[in-house]
Amino acid sequence: MLPLTGLRVIDATSIWSGPFCAKQLADFGAEVIKVESARHMDIVRGMANPPLGSGVYPDRDPGPRPWNRAGMFNALNTSKLSLSLDLTTPEGVATLKRLAKVSDVVLDNFRANVMERFGLGYAALREVNPSIIVISMSANGMSGPERDYGAFGATLEQTTGMAWLTGYGPNDAPYRGGVNYPDPVAGVHAVGAILAALRYRRETGKGQFIDLSQRETAACLVGEAILDFTLNGRIAERVGNRHQSLAPHGCYRCKGDENWVTIAIGSDEQWRRFAEAIGPSLGRTEWTQDERFRTVTGRWQNQDELDRLVESWTSGQDHIEVMHLLQKAGVPAAPVHNNVELLADPHLVARGFWEWSNHPDAGRHRYYGPAVKLSETPGSIRSHSPCLGEHNDYILREILGLSDDELRELDAKGITNNDPRSLLPGAR
């Protein structure tokens with residue numbers, strides 16, 4: 001039995017942060033019911049009718065149900081069930097309340113006022129289930145002057161201070177991190193918060209509301225810059241791949257097209273090991289013995305020249321081989337993997353990180369499994385990500401006990417519609 005077996009979670013989230021939280025719960029045994037509708041699908045499902053060349057499926061026919069084939073959606077929603085339910089209708093809201101009555105957790109990542117506007121806020125859900133745990137993963141939290149502001153990860157990187165630190169020098173502009181980094185950070189925080197609330201309920205029998213601000217989960221990651229200003233009055237500068245006091249500390253070009261390796265040397269002993277390790281491949285090591293590079297301070301003060309010399313060596317080396325060579329010498333180094341290399345990474349493959357999943361519309365692909373490995377109850381991808389509304393019958397009939405007449409009525413009104421193409425202009 002998996003550790004979260006018996007836990008039922010209503011996942012009313014979309015995009016990344018909320019689905020990532022719910023996926024972790026599902027992969028460890030929770031029955032997670034993802035709620036969306038044909039009218040308002042999870043954004044990362046894509047479009048109901050993407051034309052060729054739209055960017056959704058740029059080189060192939062999107063197929064009869066393209067909304068079930070989006071890679072990001074299918075990676076973030078493994079092991080879940082799907083309920084197609086239109087929450088903009090009174091019947092949809094009433095049905096979700098019936099589901100909340102027999103559930104343990106309700107999870108959303110909308111703006112702070114959205115669930116209340118639907119009539120599905122904590123106060124309303126607590127009326128039908130006093131022990132319910134409700135977690136709202138809004139961008140800015142449920143209080144404060146900006147509570148109702150919307151955000152994506154790309155904007156949260158700015159308001160959390162993260163983007164101020166990402167750029168190539170003090171005169172360069174701030175850069176995004178390349179992904180919406182606050183999203184997975186918030187997702188991990190949410191898992192911990194839910195487990196803490198479940199522990200409290202086990203002891204007291206009481207549920208509670210969890211106010212999770214995605215902005216705050218990421219703002220705590222820039223603590224070093226905040227501490228520097230608090231103690232020294234300094235505003236942090238962007239330093240690119242470099243370190244505030246150590247060198248060499250950067251990303252260096254290697255042999256081949258767009259191959260790179262990162263090297264981070266933190267002490268004089270590591271520098272000595274670096275010099276010894278690269279000596280045979282250089283043939284001569286005069287510059288590694290240069291007096292300017294003998295100490296941590298000297299290397300940092302002369303890092304422009306040092307970086308040029310380090311790259312004069314790495315540019316003739318394979319980036320993977322550089323990692324193995326330096327790691328054997330006790331020097332931190334790692335290649336910069338592209339997505340193809342990441343999938344084939346022998347370390348991740350050996351640990352079983354990548355798991356195969358067969359999807360009825362998307363086909364057989366590898367997805368990431370749990371990054372946490374429990375010795376007695378290891379989680380895994382238990383099922384493919386659900387097609388839209390795939391489990392309507394099971395959830396509505398078996399869990400909620402709806403009659404055939406009730407199911408037909410919901411279907412006739414389009415409340416449980418699982419075909420977004422039926423809503424397109426001109427559809428019958």
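Read the figures in this text as sums done on the coordinates, not as results from a lab. Worth saying up front: this structure is predicted, and the values here are computed from it rather than measured. Here the Cβ is made from the backbone with ideal geometry for all residues, glycine too, and neighbour counts use every protein chain on show.
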Q. Using 7 Å Cα-to-Cβ label points, what is the GLU258/LEU348 separation (nm, one decimal)?
A. 1.6
(Q) List the residue ranges in the chain for DSSP H helices whose C-alpha atoms run 15 angstrom or more along the long axis and whose Kyte-Doolittle average is 1.6 or above. (A) none
Q: Using the number of other C-beta atoms within 10 angstrom as an exposure proxy, rank ARG39, ARG202 with the fewest first.
A: ARG202, ARG39
Q.
Could you sort the peptides 327-340, 210-223, 136-149 by per-residue average Cβ neighbour count (10 Å cutoff), highest mean leading?
A. 210-223, 136-149, 327-340
Q) What is the extension gain from SER383 to GLN327, computed as 0.36 nm multiplied by their sequence separation minus the C-alpha to C-alpha distance, in nm to one decimal? A) 16.4 nm
Q: Only Cα pairs under 8 Å and at least 6 apart count here; give the relative contact order of the stretch 260-335 as a rounded whole percent.
A: 50
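Taking R0 as 56 Å, what's the FRET efficiency between ALA427 and VAL222 from their Cβ-Cβ distance, rounded to 0.05?
Rounded to the nearest 0.05, the efficiency is 0.70.
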Q) When DSSP beta bridges are limited to those with both residues in the chain, what percentage is antiparallel, rounded to the nearest 5? A) 40
Q. Label-point separation (nm) for ARG117 and ASN339, each offset 7 Å from Cα along Cα-to-Cβ?
A. 3.3
Q. Add -39500 (n - 2.57) for each DSSP H run of 4 or more in the chain, then divide by its residues: what number comes out at 222 nm, to the nearest 500 deg cm²/dmol?
A. -10000 deg cm²/dmol
Q) For the stretch 326-428, rounded, prolate or oblate, judged on the Cα gyration tensor with a ≥ b ≥ c (square roots of eigenvalues), a/c < 1.5 rounded, else prolate if a/b > b/c? A) prolate
**Q.** Violating pairs (Cα-Cα greater than 27 angstrom) within the set LYS80/LYS413; LYS101/LYS413; LYS23/LYS255; LYS255/LYS373; LYS206/LYS413
**A.** LYS23/LYS255; LYS255/LYS373; LYS206/LYS413
Q) What order do you get for MET47, MET72, MET1 when you list them from fewest to most C-beta neighbours inside 10 Å? A) MET1, MET72, MET47
(Q) Taking the number of other C-beta atoms within 10 Å as the exposure measure, put THR78, THR288, THR230 in order starting with the fewest. (A) THR230, THR288, THR78
Q: Report the extension gain between ARG39 and LYS101 in nm, rounded to one decimal, defined as 0.36 nm multiplied by the number of residues separating them, less their alpha carbon distance.
A: 19.8 nm
Q: Taking 7 Å along the Cα-to-C-beta vector as the label spot, tell me the LEU231-ARG292 distance in nanometres, rounded to one decimal.
A: 3.0
Q. Between the stretch 320-397 and the stretch 234-313, what's the alpha-carbon centroid distance in Å?
A. 33
(Q) Using a Cα-Cα cut-off of under 15 Å, which aspartates and glutamates could be cross-linked to LYS328, ignoring same-chain neighbours fewer than 8 residues away? (A) GLU269, GLU276
Q.
Calculate the FRET efficiency for LEU374 and ASN302 from the Cβ-Cβ distance with a Förster distance of 51 Å, rounded to the nearest 0.05.
A. 0.60
Q) Using modelled amide H (1.01 Å from N, peptide plane; none on Pro or chain starts), what sits under 5 Å from the amide H of ILE133, excluding residues fewer than 5 places away? A) VAL105, VAL106, GLN208
Q: Report the residues of the stretch 21-39 in range of a label on LEU400: point 7 Å along Cα→C-beta, backbone N strictly under 17 Å from it.
A: 32-39
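Between ALA154 and ASP318, what length comes free when the chain is fully extended (0.36 nm per residue of separation minus the Cα-Cα distance, one decimal in nm)?
Extra length from ALA154 to ASP318 when fully extended: 55.7 nm.
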Q: List the relative contact order of the stretch 15-108 as a percent without decimals, with contacts defined as Cα pairs under 8 Å and 6+ residues apart.
A: 36
